[in-house]
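Encoded as structure tokens, the structure appears first; notes follow it.
The values are calculated or read from the model by the stated rules, or taken from the named source; none is laboratory data. Please read these numbers as outputs of a predicted model, since none were measured by experiment. With ideal geometry, Cβ positions are generated from the backbone for all residues, glycine too; neighbour counts draw on all protein chains shown.
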Amino acid sequence: MLSSSQDSQNGTRSTADEIIVHSPIDGREVGRVPAMSRDQVQRIAQELRAAQPDWEALGTRGRAVHLNRWRDWLLDNDRRLTEIVQRETGKVLGDAAGVEVPTAVATLNYYVDRAQEFLADARPRPHTPMFATKKLRLRYRPYQLVGGITPWNVPLAMPAFDLIPALVAGCAVLSKPSEFTPLSWTAAVRGWEEVGNQPVLACAIGRGDVGAAVVDLVDMINFTGSTRTGRVIAQRAGERLIPCSLELGGKDPMIVLADADLERASSAAVYGAMWNGGQACVSVERVYVEESLYDAFVESVTRKVRALRQGPEQKPYSSDVGAMANEAQLQIVERHVDDAVAHGARALTGGQRRPGVGLYFEPTVLVDVDHSMECLRQETFGPTLPIIRVRDAEEAIRLSNDTPYGLSASVFSRDHERAERVAERLEAGAVNVNNVIVNGFQFPVPMGGWKESGIGARAGGAYGIRKFCRSQTIVSDRIEPAADVNWYPYTPLKGRIQERALRWFGARDLRRRLGLRPRRRAR
Ligand code: NDP
């Protein structure tokens, strides 16, 4: 029985006890999950903590057996999982099939294959001969319980991407998917249980309050979502003195220099802005084009956007742009476009919610826009592409950096060296040269935002797994006399020996090493 009911943000009906998920494509119910109470979340956290020591004790090889079993299960169930993703998000097959399960699998393989190397003890040499007799060992010990809170735009790949490294590291993981899209990730977590893996991965299901409970219960929190919620989480993490890693929103610029390959740049802009219905943190949210290429670029982009197919797919891969995942997000897109048009911008194609059933916003190209408009100041997170004419690269760089965000960016030019010089001046965590979005899938390098786009990063080779560990230093002695020279009692002889040794190793020239006075300068 449902105890009470309320309207959820996407216009669907959920209750205090249950989250009912409706398809953004046609509004039909696609599934329901129980909304947990704080007490339930607390119990799950306790169970995870109880299971973690055995998981850690398995070591990287032992854990790999479980993780590989899960990988095989994900691959064996990829069709079903992809369908669930599509039903709860409204995304087209092209956006779901190449990313959701494949990213989970690729993340798992990357970290399982390298866990031994990334988590191996380090044995650095002492930094000075004064400590030559010391043996230094650096260990990586996992946090016992890691919390992961993720958004609705990539509901299976995102928690997998964020949290698989924590499992590989030996942590237990309490994962909170978005209330809008809880079905695919909970199905994947059921798969973890189905293959008989140790009970170190569980979901906390509910709304924002359940996310807040997760932050209260874990030893480290990994959050992906909006900058607004990221701030709330960072504050609570600060109060609890637990580390947090925040992957937040973006307003990614694309710079098109005059010598860019027009065909490639315009196709990339369209893909970068419309992929996943524009609901990607690394979406191209604005384009700055050098004057001499501007008209041709706008014409090419507009033609390509008009050719995009949008709507429910009658057969696989028959549509390019899917629905918005929820009504609230669609309204943000509507507001940004309406604000731009009200202030003098033109929508060369699209510009409105698609009439009829479903949460669709037409793929939209905006021109005559400027930085006073919402569509250039705030993250839109929808299928829109504002294009701005600039005098030169200097103006493009200045405008690109004129934002509180700094997630990623792209630069297009036939001259790679010049493009990289421009890239180096952008205030963003990553820059793609002659491409878009791809930085997010390069596991050996970090994906993290500057400024209000985040703290920390995901991936980044060894960093991506070590961030879920506490470093532990073990210092031991090769020689153990009755007492070290600096221990009590202090004596003039020991003091002199110590002073001279410290001076000898600290100075970088013979005179100071020997403690000789400086020569007086002749007047
Ligand atoms: P939100 O910040 O609204 O929500 C993200 C998650 O946080 C959801 O699971 C949400 O739960 C939960 N949450 C909400 N309130 C709280 C709270 N007080 N304490 C703890 N958890 C809470 O983001 P969206 O879901 O709207 O996602 C879109 C945003 O995510 C965009 O800004 C996008 O740029 C960003 N993003 C960033 C990425 C990156 O790598 N930098 C990648 C992908 C997206 P519920 O949904 O149930 O309310």
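Things to note:
- Of the set (1) more than 12 Å from the chain's Cα centre (by Cα); (2) within 14 Å of the ligand (Cβ to nearest atom); (3) not in a loop (DSSP other than H, G, I, E, B), all apply to residue 428 but (3).
- Any pair with Cβ under 6 angstrom, 6 or more apart, that starts in the range 343-362 at a residue that is touching a residue at least 60 places away in the same chain (Cβ under 8 Å) and ends at one that is among the β-branched types (Val, Ile, Thr): 358/25; 361/333
- Being on the phi < 0 side of the Ramachandran plot and either within 31 Å of the chain's Cα centre (by Cα) or part of a helix (DSSP H, G or I) (or both) is a description that does not apply to residue 355.
- Hits in the range 144-169 - residues which are β-branched (Val, Ile, Thr), farther than 19 Å from residue 78 by Cβ and either at pLDDT below 95 or more than 9 Å from the ligand (Cβ to nearest atom) (or both): 146, 168
- When the range 471-507 is filtered for residues that are in a loop (DSSP other than H, G, I, E, B), charged (D, E, K, R) and modelled with pLDDT of 95 or more, the ones remaining, listed by number, are 478, 480.
- Of the residues making up the range 424-431, none is in contact with a Ser or Thr (Cβ under 6 Å, 6 or more places away or on another chain) and either farther than 30 Å from residue 274 by Cβ or without any contact (Cβ under 8 Å) to a residue 12 or more places away in the chain (or both).
- Among the residues listed as 445, 422, the single one being away from the ligand (no atom under 16 Å from the Cβ), surrounded by 11 or more Cβ atoms within 10 Å (Cβ to Cβ) and farther than 30 Å from residue 130 by Cα: 422
- Conditions (1) surrounded by fewer than 17 Cβ atoms within 10 Å (Cβ to Cβ); (2) more than 13 Å from the ligand (Cβ to nearest atom); (3) within 21 Å of the chain's Cα centre (by Cα); (4) touching a residue at least 60 places away in the same chain (Cβ under 8 Å): number failed by residue 202: (1)
- Sole residue being among the hydroxyl-bearing types (Ser, Thr, Tyr) and out of contact with any strand residue (DSSP E or B) (no Cβ under 8 Å at 6 or more places or on another chain), chosen from 372, 400: 372
- When the range 208-244 is limited to residues that are away from the ligand (no atom under 11 Å from the Cβ), charged (D, E, K, R) and out of contact with any Leu (no Cβ under 9 Å at 6 or more places or on another chain), the one that is farthest from residue 452 (Cα to Cα) turns out to be 240.
- Residue 375, sole failed condition from (1) outside any helix (DSSP H, G or I); (2) buried (at least 23 other Cβ atoms within 10 Å of the Cβ): (1)
- Wholly enclosed helices (runs of 4 or more DSSP H) of the range 21-125 bearing at least 1 residues of a type in the set (Asp, Glu) and buried (at least 16 other Cβ atoms within 10 Å of the Cβ): 38-57, 78-89, 93-97, 100-119
- Consider the range 170-199 and keep the residues that are under 20 Å from the mean Cα position of the chain (by Cα) and aromatic (Phe, Trp, Tyr). The one that is nearest to the ligand (Cβ to nearest atom) is 180.
- Residue 173 closer than 15 Å to residue 468 by Cβ and touching a residue at least 12 places away in the same chain (Cβ under 8 Å): yes
- Taking first residues from the range 5-27 that are of a type in the set (Lys, Arg) and partners that are modelled with pLDDT under 90, the Cβ contacts under 7 Å between residues at least 6 apart in sequence or on separate chains come to 13/5; 13/7.
- When 160, 96 are checked against the criterion of being touching a residue at least 40 places away in the same chain (Cβ under 8 Å) and under 19 Å from the mean Cα position of the chain (by Cα), 160 stands alone in meeting it.
- Restricting attention to the range 295-341 and to residues that are under 26 Å from the mean Cα position of the chain (by Cα) and among the aliphatic types (A, V, I, L, M), the residue that is nearest to residue 351 (Cα to Cα) turns out to be 333.
- Candidates 167, 136 - the one that is surrounded by 24 or more Cβ atoms within 10 Å (Cβ to Cβ) and either more than 15 Å from residue 468 (Cβ to Cβ) or not acidic (Asp, Glu) (or both): 167
- Count of the range 297-341 residues, restricted to those that are within 29 Å of residue 257 (Cβ to Cβ) and hydroxyl-bearing (Ser, Thr, Tyr), is 2.
- Residue within the range 438-459 that is under 13 Å from the mean Cα position of the chain (by Cα), modelled with pLDDT of 95 or more, closer than 30 Å to residue 98 by Cβ and of a type in the set (Lys, Arg) present: yes
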